[in-house]
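As structure tokens, the structure follows; a few thoughts come after it.
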Amino acid sequence: MSHILTLGEFIIANQHNFPHAKGELSSLLSAISLAAKVVHREINKAGLIDILGPTGSENIQGEQQQKLDHFANEVFKQAMAARDQICGVASEEEDDIICFEHNRDANYVVLMDPLDGSSNIDVNVSVGTIFSIYRRQTPRGSAVSIEDFLQPGRQQVAAGYVIYGSSTMLVYSTGHGVHGFTFDPSVGEFYLSHGNMSTPKQGKIYSINEGHYQRFPQGIKDYLKYCQSEDASTQRPYSARYIGSLVSDFHRNLLVGGIFLYPSSQAHPQGKLRLLYECNPMAFLIEQAGGKASDGQQPILDLSPQDLHQRVPLIIGSANMVSHVEQLLNRSQSLEKHIEKQA
Ligand code: P6P
């Protein structure tokens, strides 16, 4: 029987890749996996106990907070606070950053979406946790400040997600490849199941909420028509797959190739997805897996964050597909500028 590696064994075997490790990465990621196990347990019971349905309060996004949203946020916050390596967190469910006063000497901050896709919880569709880890910018011993969190995505030291689907998986990278671990609830361990994940340069799946079609920029409309048109030589028409849960749509495309798009639109001029704790971690992962992530003009990881809950357009997945969308957006914008000049 081949030696099965648990998440803990894998992290220790690879922590020499993590700068100034001293076991810090191990402790940080084990905090995340512990919280993921607790959230997994509650999600799998959600249909049985009264934890479904809205709490009646709203988060800063103005979205109804589902009980599991709130539960997951508390579980991950407590797991982070209990580790000496983390001096603060930011969360989709929190208006502002949270400073761990008892850990002012710590080196790392964590940004997270504790339960992404929560609108799917009540209809039993897979949801996920997304996390992003940075070294702090402020001096150790001081209180964390917003500058510790508003760092370009290229500064991430680690990022990943947990997908609570037909099985629960934890997928992460510290900049040395992307690695996936599948949870075995019977023993309470994550086992390495997808080592060194890489995504195909070209796929045959596109994921977008086509209900917003009329509001999309022309370049996006052009790309959708390209995906839907017949051409056997390029295996078109592509298949449309949209789960409405970023982690699930991303995970499928990572494995088999494809593109996910949440572009700007009249309804969402800056897109809907948040830069710091959704787009940046996913962009870090996809680049590590050989894919690409763009806001339509430039790499997501090069964007300079201005606000904790800032939204950006997201086009992410197989590199050739993302580049094609960028070309079509550039072409249609140049055409629009040319027409304006003629007017
Ligand atoms: P729409 C879930 O609410 C989420 O934040 C992402 O997980 C998902 O990709 C997106 O929003 C879905 O948005 O507008 O298509 O329902």
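Every number in this text was worked out from the coordinates using simple rules, so none of it is lab data. These numbers come from a predicted model, not from an experiment. Cβ: placed from backbone, ideal geometry, glycine included. Neighbour counts: every protein chain shown.
Computed values, structure above
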read-out: The chain - percent relative contact order, Cα under 8 Å, separation 6 or more; value: 15
read-out: Long-range Cα-Cα pairs in segment 205-342 (distance over 23 Å), rounded percent; value: 30
read-out: Computed helical MRE - 222 nm, the chain, DSSP H runs ≥ 4 contributing -39500 (n - 2.57), nearest 500; value: -9500 deg cm²/dmol
read-out: Placed amide H near GLU189: partners under 5 Å, 5+ positions off or other chain; value: ASP184
read-out: Partners for LYS37 among lysines (Cα-Cα distance below 18 Å; same-chain residues under 8 apart left out); value: LYS45, LYS67, LYS77
read-out: Computed magnitude of the charge dipole of segment 108-251 (debye, nearest 20; Cβ of K, R +1, Cβ of D, E -1); value: 440
read-out: Antiparallel bridge percentage (DSSP; both residues within segment 205-342; nearest 5); value: 70
read-out: Cα coordinate range in segment 174-230, projected on the principal axes (Å, largest first); value: 49, 25, 24
read-out: Cleavage-rule hits (trypsin sites (Lys or Arg not before Pro)) in segment 291-339: DSSP loop, at most 15 neighbouring Cβ within 10 angstrom; value: none
read-out: Over the chain, equivalent-ellipsoid semi-axes from the Cα gyration tensor in Å; value: 33, 23, 21
read-out: DSSP-defined antiparallel bridges as percent of all bridges, the chain, nearest 5; value: 85
read-out: Candidates ILE315, ILE146, ILE60: whichever shows maximal mean-square fluctuation once the chain is modelled as a Gaussian network with Cα springs under 10 Å; value: ILE60
read-out: Charge dipole of the chain about the Cα centre (unit charges at C-beta), most positive-ward option of ALA31, VAL256, LEU273; value: VAL256
read-out: Neighbour net charge for SER332 - beta-carbon separation under 14 angstrom, K R +1, D E -1; value: 0
read-out: Debye, to nearest 20: dipole size of the chain, +1 on Lys, Arg Cβ, -1 on Asp, Glu Cβ; value: 900
read-out: Among GLN298, VAL325, SER132 the positive-end extreme of the charge dipole of the chain (Cβ point charges); value: VAL325
read-out: Mean separation of Cα contacts under 8 Å (6+ apart) over length of segment 7-197, as relative contact order %; value: 15
read-out: Computed magnitude of the charge dipole of segment 223-329 (debye, nearest 20; Cβ of K, R +1, Cβ of D, E -1); value: 240
read-out: Cβ-derived FRET efficiency at R0 25 Å, TYR242 paired with ASN196, nearest 0.05; value: 0.35
read-out: Contour minus Cα-Cα distance for GLN155 and HIS338 (0.36 nm per residue); value: 62.1 nm
read-out: Nearest-0.05 FRET efficiency for ASP184 and ASP84, computed from C-beta distance (R0 41 Å); value: 0.90
read-out: Relative contact order (%) - criterion: Cα under 8 Å, at least six apart; region: segment 191-343; value: 30
read-out: Net charge contributed by nearby residues that have their C-beta within less than 12 Å of VAL157 (K/R +1, D/E -1); value: +2
read-out: Neighbourhood charge, 12 Å Cβ-Cβ cut-off, centred on MET321 and excluding it, Lys, Arg +1 and Asp, Glu -1; value: +3
